[in-house]
Amino acid sequence: IGITLVLMSVFLPAAFLPGLTGQMFAQFALVIAATALISAINASTLKPTQCAMWLRAATPPEKRNVFFRGFNKVYSKLENAYAALVGAMVRRAGLMVCLALVLAGIGAWGVARLPTAFIPNEDQGYLMIGVQLPDGASLERTGATLDQVSKIAMAMPGVENVVALGGMSVLDSNSALANAAVSYVILKDWDTRLKAEGQDLRSIVLGLMKELQVLQDGRAFVIVPPAIQGIGNAGGFQMQVEQKDGSFDYAKLQAVTDAVVEQAGTQSALTNLVTSFRAGAPHVRVDVDRVKAESLKVPVGEVFSTLSAYLGSAYVNRFNKFGLSLQVFIQADSQYRTRPEDILRLQVKNLDGQMVPIGAIAELRPVLGSPLISLYNLYPSAAIVGSPATGFSSGEGIALMDQIAKQILPPGTGYEWTGMAYQENIVGNQLMYVFALAILLVYLCLAGQYESWVAPLAVILAVPLALSGPAIALTAVGLANNIYTQIGLMLLIALGAKNAILIVEVARERRLIDGKDIVESAIEAARTRFRPILMTSFAFILGVVPLVTATGAGANSRISLGLCVFSGMIASTCLAVLFVPSFFTVLQRFEERKKKAPEPKAPPAEAAAASP
């Protein structure tokens with residue numbers, strides 16, 4: 001029951017985290033808490049009955065087969081050596097506690113210095129290649145470059161098919177732009193591709209980036225899709241540079257955005273930086289002479305409505321046919337809106353019912369401007385998309401971009417993070433509070449169970465010993481401290497506390513019920529619980545091996561979680577069984593000394609005051 005309460009106390013606070021992080025933590029927290037509750041009910045009701053029905057009388061040692069006799073012989077030597085080592089450590093309990101605290105501090109420091117990230121990029125079986133030509137490029141010119149990009153992508157090993165779409169800007173939420181295009185690169189199946197050398201996601205991305213540099217007309221950039229669909233348009237990070245002074249000076253917004261991209265491109269920790277914002281695209285401006293329009297009885301609003309309907313489209317009606325409700329939109333035929341001069345030939349009806357050419361009341365003027373105005377927080381904004389270079393985490397990339405933006409952006413401009421970077425930033429220190437609350441709840445549960453404020457510290461102090469495993473393993477393989485790693489760290493709180501509870505519980509029984517010496521109680525508890533701890537711990541460690549060796553879709557997330565728990569449980573198992581008896585010895589001595597301390601004597605009563 002105590003272990004079940006510990007598991008539920010650790011994971012339930014995480015279920016109340018806000019945002020996307022809270023949703024992901026809740027998926028783990030609620031499932032584990034529910035299964036722990038069901039397991040506790042099963043263990044306290046059904047298992048005793050099952051044991052009575054199924055367990056047989058123990059086979060005498062001399063009648064057991066060779067394997068079990070050999071295993072017990074090896075285990076007995078290991079147990080005796082362990083008991084001897086624990087005995088030597090318990091007799092120097094004060095020194096061992098200091099050593100354990102140093103190891104715990106080193107582990108916490110190692111985890112804290114890991115580079116941070118939100119969610120690792122995943123091999124989802126496809127990539128995107130964004131194509132951007134100079135401003136004013138025609139769709140035919142864009143299509144020719146797109147064909148060249150498709151041929152380069154199809155020549156890459158590991159690519160199965162390419163789907164090319166012209167006139168779409170993938171960084172602007174698939175907005176229609178004549179000088180932009182996107183190619184969806186479909187990769188071969190994971191089982192086939194990952195068996196060959198150089199066909200993993202990273203190799204294909206680096207290969208495509210190198211080959212696409214040969215393009216003469218325009219540029220192309222490789223985009224890894226976000227690990228969670230719907231959060232941003234691309235993996236990595238996305239910054240929105242905002243113009244907050246209300247001037248709507250798009251040339252200024254273009255200049256500061258290009259300055260940020262140029263400065264960020266000089267940093268070795270950042271790569272694949274690009275912005276789709278353009279303030280110098282050729283436009284045609286229609287200037288309506290309002291005096292002429294009034295003299296010809298043409299409402300100015302009708303002029304703009306006509307231009308919108310002919311050049312864009314307008315909904316006018318709906319009708320039913322073939323059992324379907326179909327909508328009717330009007331638009332000028334393509335041959336009547338091919339050239340800018342065709343605009344002046346369009347006609348609008350005046351108040352007398354006569355058709356007046358727009359050329360009679362308006363004139364055309366070539367100007368430069370942005371083909372697409374994006375608003376973020378109601379401010380004109382320009383998107384900058386990038387990713388951390390190999391060997392750097394998204395947290396390091398975001399921190400570096402923050403530093404660059406603060407140095408370069410002038411007054412009147414600002415920036416915000418969106419997509420994955422926004423989710424990573426809003427987490428902030430919330431997880432630290434959740435970890436602290438989880439440990440506090442574990443302490444309170446154990447304090448109620450042991451009826452002591454001191455004894456639970458023997459369990460709590462053993463939890464940080466597990467951190468040395470993830471610190472070493474994640475640093476060795478170069479993984480960041482992402483959300484899946486943090487879920488694994490929270491799981492280690494419960495699992496590390498479980499091993500310590502098994503030892504402390506028996507040690508307290510030997511001391512308080514059987515009346516044995518503190519040192520003897522600690523040694524006997526360690527010997528008694530050594531086999532159960534090894535059994536449960538190594539069963540769990542072997543259970544997460546498939547996560548550590550995961551491949552294919554979603555492998556990076558499973559590896560982050562699995563490696564953290566795998567290494568943490570090895571560290572907790574190897575260190576907790578050694579140092580928990582010393583923790584118990586020191587704290588039990590402290591508690592007993594505190595109870596035996598003589599109570600302070602009451603001060604002597606003051607003499608009664610003399611009557612006046």
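The values are calculated or read from the model by the stated rules, or taken from the named source; none is laboratory data. Remember, predicted model here, so these are calculated numbers, not experimental data. Please note: Cβ atoms are built from the backbone with ideal geometry, for glycine as well, and neighbour counts cover all protein chains shown. Surface accessibility is based on the protein's heavy atoms, side chains included, excluding ligands, DNA and RNA. Shrake-Rupley method; radii C 1.70, N 1.55, O 1.52, S 1.80 Å.
Based only on Cα atoms, what Rg/Rh ratio does segment 165-269 have, Rh being taken as Kirkwood's radius?
Values: Rg = 17.0 Å, Rh = 16.7 Å.
Expressed as Rg/Rh, it is 1.02.
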Point to revise | Pairwise centroid distance, computed over Cα atoms, of segment 375-403 with segment 127-180, Å | key: 23 Å
Point to revise | Helical segments meeting 24 Å axial Cα length and Kyte-Doolittle 0.5 threshold in the chain (DSSP H) | key: 19-54, 66-90, 93-112, 430-450, 483-508, 518-543, 555-596
Check your understanding: For the chain, what is the Kirkwood estimate of the hydrodynamic radius, computed as the reciprocal of the mean inverse distance between distinct Cα atoms, to one decimal in Å?
Key -> 30.2 Å
Point to revise | Span per principal axis, largest first, for the Cα atoms of segment 519-594 (Å) | key: 58, 24, 12
Exercise for review: Could you list, in their original order, any pairs among Lys77/Lys595; Lys77/Lys516; Lys210/Lys406; Lys244/Lys292; Lys73/Lys498; Lys321/Lys349 whose Cα atoms are separated by more than 29 Å?
Suggested key: Lys77/Lys595; Lys210/Lys406; Lys244/Lys292; Lys321/Lys349
Practice item. Report the FRET efficiency, 1/(1 + (r/R0)^6), for Ser295 and Thr338, where r is their Cβ-Cβ distance and R0 is 22 Å, rounded to 0.05. Key: 0.10
Study note, to complete from the structure: Using the Cα gyration tensor of segment 210-261, the equivalent ellipsoid's semi-axes, largest first and to the nearest Å, work out to 26, 20, 8
Practice item. Just need the relative contact order of the chain here, percent rounded to a whole number, with Cα pairs under 8 Å and 6+ apart. Key: 21 percent
Exercise for review: May I ask you to list the chymotrypsin sites (Phe, Trp or Tyr not before Pro) in segment 247-341 that are in a DSSP loop and have at most 13 other Cβ atoms within 10 Å of their Cβ?
Suggested key: Phe248, Phe322
Check your understanding: Within the accessible area of the chain, what % is carbon and sulfur when the probe is 1.4 Å and the other protein chains stay in place?
Key -> 60 percent
Study note, to complete from the structure: Site Asp517, offset 7 angstrom along Cα→Cβ, radius 14 Å on amide nitrogen, limited to segment 82-118, gives 87-93
Exercise for review: Two decimals is fine: what is log10 I(q)/I(0) at q = 0.10, 0.22, 0.23 Å⁻¹ for segment 303-398, from a Debye sum with one equal scatterer on every Cα and no solvent?
Suggested key: -0.56, -1.17, -1.20
Point to revise | Cα-based convex hull volume of segment 233-379 per residue, rounded to whole Å³ | key: 206 Å³
Exercise for review: Could you pull out the trypsin sites (Lys or Arg not before Pro) across segment 171-200 that fall in loop regions by DSSP (anything but H, G, I, E, B) with no more than 15 other Cβ atoms inside 10 Å?
Suggested key: Lys195
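Mind pulling up the Rg/Rh value for segment 11-109? Radius of gyration and Kirkwood radius, both on Cα.
Details: Rg = 22.4 Å, Rh = 19.2 Å.
Ratio of gyration radius to Kirkwood radius: 1.17.
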Revision key, fill the gap. Distribution output for segment 355-488: share of Cα-Cα pairs per 5 Å bin in percent, first bin at 0, values 2, 6, 10, 12, 12, 10, 9, 8, 7, 6, 5, 3, 2, 2, 2, 1, 1, 1, 0
Review point. Where nothing but the Cβ of Lys and Arg (+1) and of Asp and Glu (-1) is charged, how large is the charge dipole of the chain around its Cα centre, in debye to the nearest 20?
Key: 2460 debye
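Grab the Cα-Cα distance for Gln347 and Gln124, subtract it from 0.36 nm times how many residues apart they are, and report the gain in nm with one decimal. Write down the numbers at each step before the final one.
On the way: separation 223, 0.36 × 223 = 80.28 nm, distance 5.19 nm.
Fully extending the segment from Gln347 to Gln124 adds 75.1 nm.
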**Study point:** Distance between segment 320-356 and segment 457-515 - C-alpha centres, whole angstrom
**Key:** 73 Å
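Between Tyr75 and Trp54, what is the FRET efficiency for a Förster distance of 22 Å, r being their Cβ-Cβ separation, to the nearest 0.05? The partial results should precede the final answer.
Working: r = 24 Å, r/R0 = 1.07.
With a Förster radius of 22 Å, E is 0.40.
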Revision key, fill the gap. Per 10 angstrom bin, beginning at 0 and ending with the bin that holds the maximum distance, the Cα pairs of segment 188-237 fall in percents of 22, 37, 35, 5
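Can you work out the FRET efficiency for the pair Leu437 and Leu30, with r the C-beta to C-beta distance and R0 = 25 Å, to the nearest 0.05?
Values: r = 16 Å, r/R0 = 0.65.
That pair, Leu437 with Leu30, gives E of 0.95.
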